[in-house]
Structure formats: structure tokens, C-alpha cells
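For reference, the structure is listed below as C-alpha cells.
What follows is calculated from the coordinates using simple rules that are stated; it is not laboratory data. A quick note: this is a predicted structure, and the numbers were derived from the prediction, not measured. For neighbour counting, all protein chains shown are included, and Cβ atoms are generated from backbone atoms with ideal geometry for every residue, glycine included.
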Amino acid sequence: MLNIFISSFLVALTGALSPGPLLTFTIYKSVKLKRGYIAGIFIVLGHSVLEFVLVLILLIAVTFFSALMNIFVTSILPIFLLIVGIIGGILLVLFGILTVRKALTMKVDKEFTLVNDENLLGYRGNSFIGGILVSLSNPYWIFWWAVVGLGMMINFGIGFHNPWGIFLFYIGHILGDIVWYLPISTFVHFGGKALNPKVYKYILIACGAFMVGFGIYLAINIILFPPSL
């Protein structure tokens, strides 16, 4: 069970470290608010509430589909779950490769500036609501959960029959976000307007490499130990 927590935490952390709308929104609120150092907490809370709802929806959908397939063609369901698990692993590998590629093309001769209002599009209001709306507006986030997130849950046998698995998977994922967004929020608010570009570049490369390796593991693992009814 511990592997569910650790895997979920590491995958979430690598995803959080990659630049995106939620990171931009967190930086913006951290600078603009009087108590911006806690903006990351409220943003992650909104983000986590949305993810909790999404995890439940995915589990309900899989449970419903499983029951439906049991009525009609039982043999098809394991194949479907196997395919989803493999695709999830492959896409995680692709996301990792893109992350590494992006990091390698970063210009390290200039300061990596965190505060840039021009990069912030759309909602700029309440941090908690923003955590929800900014996440929903990101097609990458929706696609990630629909394929990679679902693939991980299938790989680890997470379902309503395994409430501890759901709990560990969800908590690990949320902690992965907190470990990055809270320090960034505090750092930016108290005057850290930039990150060392070389350090950030190597962090992204490490994250991408982890996603590639873990994606390969997920794809191979579900082939060797396919889901069964």
C-alpha cells in the first residue's frame, strides 16, 4: 500500500514542478496579496477539492462500466483496463520526454523570472476558487487525469473495494502539489522574484526522467500483471 502513496506523491510532484497555469496563478497571487505567502495553501485546497471530485467520478465511471460489461461481455473489460493502463504509461513517458526537451531548450543565460503578469490569462480573483477554475481551464490537466491518472489507478488496483488505496493515492497526490506550491508561494511573497535558471533546468530534467522511467514501469507492470475481474 505504501507504494501507492509514494508513486502518487512523486508523479504529482513532478507534474507540479513543470511550468503551467496553476504555477503562474500561484506566483501572481503570492505577489499581489497582502498575505501572499499563504496563497499557495488556498490554491492547492481548491485544486485538491476539484481533484477529489474527479477521482470519485473516474471511480464511479469505472465501477459502472465494469458492472455493465459484467452483464454483457465479461472478457472485454480486462482488455479495456489493460489498454487504458498501457496508454497511461506511454503518455507519462511522452510527458516526461516533452518536459526534458523543454528544459534542454531553456535559455540559462538570463534570470528565470517568476513574476510575469503577461503570462497570466483569465481568472485573477479568489485563490481557492482560482485553484478550481484555473485547473478546469487547463486541458492538459483534464487529459492527464482521464488517461494517466486513470491508468495509475487501474495499475494499482484502486477502487471502491479498496478505500485505503483511494485515500493513499489521493493524499499522496495532494502532498505532491503542496510540497511545491507552498514553498514557491512563500518564496515569491518574501522577495524571491527569480529562480536560478540552471538549478530549475536540472530539476525539470530530473522530473522528466522520472516520468519516463515511471511510465515505462507502469506500462510493463500492467502487461506482466494484467487487471482481472
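Need the full-extension length gain, L98 to S137, defined as separation in residues times 0.36 nm minus the C-alpha distance. One decimal, nm.
Details: separation 39, 0.36 × 39 = 14.04 nm, distance 2.07 nm.
Difference between extended and current length: 12.0 nm.
What ranking do M106, M152, M1 get, fewest neighbouring Cβ atoms within 10 angstrom at the top? Display every interim value, and only then the final one.
Working: M106 16, M152 24, M1 11.
If I rank by nearby Cβ atoms, fewest first, I get M1, M106, M152.
Tell me which trypsin sites (Lys or Arg not before Pro) from region 21-53 have a DSSP coil assignment and no more than 16 other beta carbons within 10 Å of their own. Display every interim value, and only then the final one.
On the way: sites: K29, K32, K34, R35; in loops: K34, R35.
Passing sites in region 21-53 are K34, R35.
Exposure proxy check: H189, H161 ranked by fewest other beta carbons within 10 Å? All intermediate terms of the calculation are to be shown ahead of the outcome.
Numbers: H189 21, H161 9.
With the fewest neighbours first, H189, H161 line up as H161, H189.
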Distance (nanometres) between label positions extended 7 Å along Cα→Cβ at F160 and A209:
4.3
Residue exposure sequence - T63, T14, T105 - by fewest surrounding Cβ within 10 Å:
T105, T63, T14
With a Förster distance of 45 angstrom and the Cβ-Cβ distance between I79 and V179, calculated FRET efficiency to the nearest 0.05 equals 0.75
Per residue of region 2-19, what does 6.51 cos²θ - 1.76 cosθ + 1.60 with θ = phi - 60° give for ³J(HN,Hα)? Whole Hz please, x for Gly and Pro, Karplus curve as stated.
5, 5, 5, 5, 5, 5, 4, 4, 5, 5, 5, 5, 5, x, 5, 5, 6, x
Length gained if K32 through L59 is fully extended, taking 0.36 nm per residue and subtracting the Cα-Cα distance, is 5.9 nm
